[in-house]
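Below is one structure, written out as structure tokens; the observations come after it.
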Protein chains: 4
Amino acid sequence: MPDNQHIQSSPYSQIPAGIVSLADYETHALPMLRTDIREYIDSGVADEITLRRNRSAFEQIGISPSLLQDFRQASTTTRLLGYPLAHPLLLAPVAHQRLVHTDGELATVRGAAALDTPMIVSTLASYRLEDIAASGHPNLWFQLYWQHNRENSLALVKRAEACGYQALVITLDAPVNGLRNRTQRSGFHLPAGVIEANLQGQPHPAPRPLDAHASVILNGFMVDAPTLADLQWLQANTRLPVLVKGVINPADALRFKELGMAGVIVSNHGGRTLDGLPSTIEVIAACRQAVGPDFPLLLDSGIRRGTDVFKALALGANAILIGRPQLHALTVAGALGVAHMLKLLRDELEITMALAGTPTLADIGPQSLLNLASPQTFAAFQPSL
Amino acid sequence: MPDNQHIQSSPYSQIPAGIVSLADYETHALPMLRTDIREYIDSGVADEITLRRNRSAFEQIGISPSLLQDFRQASTTTRLLGYPLAHPLLLAPVAHQRLVHTDGELATVRGAAALDTPMIVSTLASYRLEDIAASGHPNLWFQLYWQHNRENSLALVKRAEACGYQALVITLDAPVNGLRNRTQRSGFHLPAGVIEANLQGQPHPAPRPLDAHASVILNGFMVDAPTLADLQWLQANTRLPVLVKGVINPADALRFKELGMAGVIVSNHGGRTLDGLPSTIEVIAACRQAVGPDFPLLLDSGIRRGTDVFKALALGANAILIGRPQLHALTVAGALGVAHMLKLLRDELEITMALAGTPTLADIGPQSLLNLASPQTFAAFQPSL
Amino acid sequence: MPDNQHIQSSPYSQIPAGIVSLADYETHALPMLRTDIREYIDSGVADEITLRRNRSAFEQIGISPSLLQDFRQASTTTRLLGYPLAHPLLLAPVAHQRLVHTDGELATVRGAAALDTPMIVSTLASYRLEDIAASGHPNLWFQLYWQHNRENSLALVKRAEACGYQALVITLDAPVNGLRNRTQRSGFHLPAGVIEANLQGQPHPAPRPLDAHASVILNGFMVDAPTLADLQWLQANTRLPVLVKGVINPADALRFKELGMAGVIVSNHGGRTLDGLPSTIEVIAACRQAVGPDFPLLLDSGIRRGTDVFKALALGANAILIGRPQLHALTVAGALGVAHMLKLLRDELEITMALAGTPTLADIGPQSLLNLASPQTFAAFQPSL
Amino acid sequence: MPDNQHIQSSPYSQIPAGIVSLADYETHALPMLRTDIREYIDSGVADEITLRRNRSAFEQIGISPSLLQDFRQASTTTRLLGYPLAHPLLLAPVAHQRLVHTDGELATVRGAAALDTPMIVSTLASYRLEDIAASGHPNLWFQLYWQHNRENSLALVKRAEACGYQALVITLDAPVNGLRNRTQRSGFHLPAGVIEANLQGQPHPAPRPLDAHASVILNGFMVDAPTLADLQWLQANTRLPVLVKGVINPADALRFKELGMAGVIVSNHGGRTLDGLPSTIEVIAACRQAVGPDFPLLLDSGIRRGTDVFKALALGANAILIGRPQLHALTVAGALGVAHMLKLLRDELEITMALAGTPTLADIGPQSLLNLASPQTFAAFQPSL
């Protein structure tokens, strides 16, 4: 077992007083982390315009309640890819979880299981996907970063199939890394004890020679990126449903539906790839409009509140993914923290449904919202102005 | 008489120098309060988006004055539910007033009476509704929180009828409490001396058993919430006019009018229930448009200035409610503070009417305003741009 | 001669280094003033929304330059009420100038004369209008606050006529004072040495009895305010051209034109009367549109830069008024400061004209501007978006 | 060789840790400079509204990515004035570079050559244009400030022709200097060692007499400014292509195209001339629309990120200019710094192209962007709201 000297504070064995929201987990976690690890987790790319917008865009969307609705059949349940979900929440793929807790993904998966929440395990997990599956959590998905070529990539997929993962998520929005300046300035490096457990022993392809005038980025990394043909080949070679993660453009969402993908995850990678991408809540309605009512559409990036979940569902998402708060909760209180964080979010969603007058997820729709950013909306309220 | 050790500072026996606006009462009151009580009073739900919007939305509405109007018949009087009002101001229902002053509601009612201002007494008052009525204030209304069942609820209503309350306000926007995180973090608890005086001795219904998978929120609290049938039953069983408090959606306003309610109070509960609700000044015009010109429509949440009252009236409110400033004034100077606070607001309203050129409330209308948030308005001013 | 102990710092006998803009005069002046006097000068009414908007609204208006224009006949001259003006600048009426300088208006008038700038002398000047006129400044106007009745008011006007004032400005937007809370909190009072020199010995009318229920504001002050009939009577009884100051509503501007007034000053009283009035730069274009191209229209409130003057002219003003900066400059360096402040503003206007490509005032029009606040403008620039 | 005592810190001989973006160069450079020199470099005119807008306007423009594009032919190359460019970047003309580094433009030109980046040498360079050309950089342009008359101006042009400059840029937006108040307050003066090397020995025309009432600005400086006839004369007397720098108005862009100019540089002079000019990214699309698809259009002012370059190209620029970052990089690490700064910007542009899914510059267009400032765009995403 590798060392963990980079972990400076032991996690709490019970939830500290004063943690009553996901933001509180962030506040508590940050001082417990080594500076460069904190910067690695929290920073966005470049000037962090997209990172900030991931939160601020939610504030422009208002909720329109209806009083005295009938809650006798109220429920938060839904179905996704044929499986029932107690709540429309999933854990997003998050790499390197031993950065913040000795048990890393092995703790996270226990917290997720306790709250009946599916977990999407990252290619870059600190523990092997088989070890995570051994926890017995019945709803695991596997996230794939393309591994230079088809052979390496398929090997990972077959391992996921073999130990019971239910779905495959291929991330397509990060063929090169965004320059996260805060992370760069912090001198971030993976500590000795944090390995890419799934990739140990993977054969490395020979480096590709480049012309003197060629660009390492455009002619190097990008030519190694997965292609449309690779995606179709992968889909033909796995029995798992394949979802594409990293879609912002509604035309892309439609294209992946037409390619027969099982679903699309609208995501800007938590503001970590390209600064200037819109927030996902700004594009989810257009994506839903592009793919029609029945295609699975999930929303990632920026969710911190039950009201955020409500707004995402109202604009067309079937479910949402939680990213960084996993790490914040894991830092503070391990598996217990992850479970409690999910419980806080669920309670907030339920209270939102209660106060908005929407007894079931099917009742949540565009009519549940108000566009507070638009002067037109304001004018509509004031016809005589 | 219960103890009051939680009250840390004695109220002033005269108005402190430097209190010239409602905001000054808040500034003076906060340091006089125990921290958790201060947080309980001032916090909003979650990220306090709605709480801030309750103030900021007013700034987007401009006033369009007319010079040299004829003020020889100028007056602020109006009628509401058949009763005359000196000014279009009421005290909103505010719970637990012994949190800030030993005399609690008994002081508030004296301040209100001195300024001819109706007071809406809360179900959760620290003093019995009968004791408050004993003050002799001729314009008291009673606010009802549904008490688990019809029997408990009607018992309160009959007590209000018996001691001369003029109207009944049923609050429908809080079947579950919003999570006011600042209050939670502060460890707020009701001090020993602060009781729910009206509910002492009320029989508690047996707890309702829940399935293992049922939600305490959606299947517990919400099934105990009042229904449409309960509302109609209540209306049929009281001789008092019934107003509904907590409406945001214009469709709800219309529905309550069609159900024969006596009026509607547009309110977001001072930003304390669901974060993301619009401010009431943003929806009042649409509510007025929905119910037509003659139905009583009151506006609650966020009023702090005479110009705010003016804007609410211009967009369709018949009168407005004052919430937290009651507590701030009560903290600082008891009954005298409440009276002075109301006097400041009245004076500001009268000066606004003087400078806007609107001698009576009937002169205040949409033509008295400018929508400063809308580029369209700006463009209308600059046709050649 | 009254005392001047309230003046804490002697003015500089030369311009201090580092004063290169009107804002620098404010920065230098404030610490030289007694706290309550500083608050009296700089505060706006209530929450100072209008005061802030007086500056911020200018930032939303962009300038659209034209290169290589022909400047051989370039000039800033114009005509107003039949008199030539070297620049389209006037000193606004500002009361009580001995608050900041022993010589008060006697210094201001010397600074104005040195820069050929008309000065509008306030009813509430610290020196008698005759003494100010004795300076020999050839372009003085007199500002009238109505003095309870026709007799008192006309007496002032006749004095102004007698000593050569060229025009009369009647202020109509302040029949009651706005509540300037910062001034109130500061305990402001006029020092012993600062008198209303023009009003000494004026007979006071008997106080008007009010009903018990009457409002001091609406039924007291407002009934003493000048009426439309008073305005017409005044106009009929003076040979001076009469301009109305305090117009915001374009309908009022048109009405005063139709009443035969000589001109209108669009003003919100420097944000000191009614909080929520729009800034004047937001309404000047609509006022110009209402009165047509030839009626004298001046703009007051918020001008601090040559670019502000340019924008006001472009949207329809014939000239602009400078208020508070007079006092700032007077505080810092007396008559020399006032002259230098005007010189700074003139130079900024001339440089703006040079860089915008508008050789004369007649070249400055709506086509010289861009509405930066409007997404429509932005969209017009990006037709393919 | 003149002295350089004003340079307080020696430049680093390698890039300091923590410099990972152009903003980091600014942060590192500022404390290394004498205060007045820092203010001279960084300040904008007046209230710096345009300076701030040069950055903030970029934040309102979002990027719309397309996944899985084919990068096998990816490239950043383009052509300008018939010459190939490795990347669409040029160094803007920047005066007085010995203010920050002993080698001034001689260092800058070496950094630019190392990264194959054209450099536009300023009339006000600290070294003679011949000495800069002696570096052997094959892509130099010369920027001309009009020198009072045709003779002086043409003399400079002929020197540039003689030593191989490829193009001429005439700056037309600064016939008078904007009042950069921060620079004025700092007491900025050119140190003894910093001369206008190109202008040494230039004959000065006799001062022009002005009338007593004439304006030094409008009737002095402006009458010395170049005229349309001068521009046409210059174009007829040089074999170099002539580009005009300082265009904001689309009508001007079209006019210069029709006059046969070789290209236009859209610029607000880095926010240093007229406060209130729009940012160039706000007007570039309208300028492109005015001149049609094939006319060379460059964008200056505010570029600090690869995403900014991408947005400028998407809205119609053929290439962009880098101004102040040259000085920041030169201050910190001389020629090495300039080269590294250009490398950072190139890498950011390439990563943006990789993540946006645009393999070549020709693929970058309006469809690559989203207007995030417009509620209309937001509404388009939410048709059911």
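The values are calculated or read from the model by the stated rules, or taken from the named source; none is laboratory data. All of these numbers come straight from a predicted model, not from anything done at the bench. Please note: Cβ atoms are built from the backbone with ideal geometry, for glycine as well, and neighbour counts cover all protein chains shown. The protein model used for the area step is the full one, side chains on, heavy atoms only, and it has no ligands, DNA or RNA in it. Shrake-Rupley method; radii C 1.70, N 1.55, O 1.52, S 1.80 Å.
Of note:
- Test for D:Gln143: is it in contact with a Gly (Cβ under 7 Å, 6 or more places away or on another chain), closer than 26 Å to D:Tyr40 by Cα and among the polar types (S, T, N, Q): no
- Residues that are surrounded by fewer than 24 Cβ atoms within 10 Å (Cβ to Cβ) number at least 3 in the following strands (runs of 3 or more DSSP E) confined to the range A:41-95: A:78-80, A:83-85.
- Selection of the range B:71-105 for residues being among the charged types (D, E, K, R) and touching a strand residue (DSSP E or B) at 6+ places or on another chain (Cβ under 6 Å) yields an empty set.
- Residues satisfying the stated conditions in the range C:251-303, i.e. closer than 30 Å to C:Glu26 by Cβ and of a type in the set (Lys, Arg): C:Arg272, C:Arg288
- Of the helices (runs of 4 or more DSSP H) lying entirely inside the range B:128-219, those containing at least 3 residues that are open to solvent by less than 80 Å² (accessible area, probe 1.4 Å) and of a type in the set (A, V, I, L, M, F, W, C) are B:129-133, B:150-162.
- Conditions (1) at the interface with chain C (Cβ under 8 Å from one of its Cβ atoms); (2) open to solvent by less than 20 Å² (accessible area, probe 1.4 Å); number of the one not met by D:Leu243: (1)
- Filtered residues of the range C:21-32 (kept if within 26 Å of C:Thr280 (Cβ to Cβ) and either away from chain D (no Cβ under 14 Å) or open to solvent by less than 20 Å² (accessible area, probe 1.4 Å) (or both)): C:Ser21, C:Leu22, C:Asp24, C:Tyr25, C:Ala29, C:Leu30
- One residue alone among A:Leu313, A:Leu321, A:Leu327 is open to solvent by less than 10 Å² (accessible area, probe 1.4 Å) and away from every other protein chain (no Cβ under 13 Å), and that residue is A:Leu321.
- The single condition from (1) surrounded by fewer than 24 Cβ atoms within 10 Å (Cβ to Cβ); (2) at pLDDT 95 or above that A:Gly334 fails is (1).
- Among residues of the range B:11-20, those that are under 19 Å from B:Leu342 (Cβ atoms) and open to solvent by 40 Å² or more (accessible area, probe 1.4 Å), counted: 5
- Qualifying residue in the range A:87-105 (condition: modelled with pLDDT of 95 or more and within 12 Å of chain B (Cβ to nearest Cβ)): yes
- Filtered residues of the range C:201-240 (kept if without any contact (Cβ under 8 Å) to a residue 60 or more places away in the chain and polar (S, T, N, Q)): C:Gln202, C:Ser215, C:Asn219, C:Thr227, C:Gln232, C:Gln235
- When D:Glu161, D:Glu130, D:Glu151 are screened for being among the acidic types (Asp, Glu) and touching a Pro at 6+ places or on another chain (Cβ under 9 Å), only D:Glu151 passes.
- Filter result for D:Glu26 (more than 30 Å from D:Ala356 (Cα to Cα), touching a residue at least 60 places away in the same chain (Cβ under 8 Å) and in a helix (DSSP H, G or I)): no
- Of all residues in the range B:225-239, those being more than 10 Å from chain A (Cβ to nearest Cβ), open to solvent by less than 60 Å² (accessible area, probe 1.4 Å) and not in a loop (DSSP other than H, G, I, E, B) number 2.
- Single residue of C:Thr123, C:Thr102, C:Thr117 found to be assigned to a loop (DSSP other than H, G, I, E, B), of a type in the set (Ser, Thr, Tyr) and more than 23 Å from C:Leu243 (Cα to Cα): C:Thr102
- Restricting B:Asp308, B:Asp275, B:Asp300 to those that are charged (D, E, K, R), within 24 Å of A:Ser66 (Cβ to Cβ) and away from chain A (no Cβ under 12 Å) reduces the list to B:Asp300.
- Looking only at the range B:341-366, residues that are within 14 Å of chain A (Cβ to nearest Cβ) and modelled with pLDDT of 95 or more come to 2 in all.
- Hey, B:Ile248 within 14 Å of chain A (Cβ to nearest Cβ), buried (at least 24 other Cβ atoms within 10 Å of the Cβ) and either modelled with pLDDT of 95 or more or more than 27 Å from B:Glu26 (Cα to Cα) (or both) or not: yes
- Unique match (being among the β-branched types (Val, Ile, Thr) and at pLDDT 95 or above) among C:Val223, C:Val216, C:Val194: C:Val194
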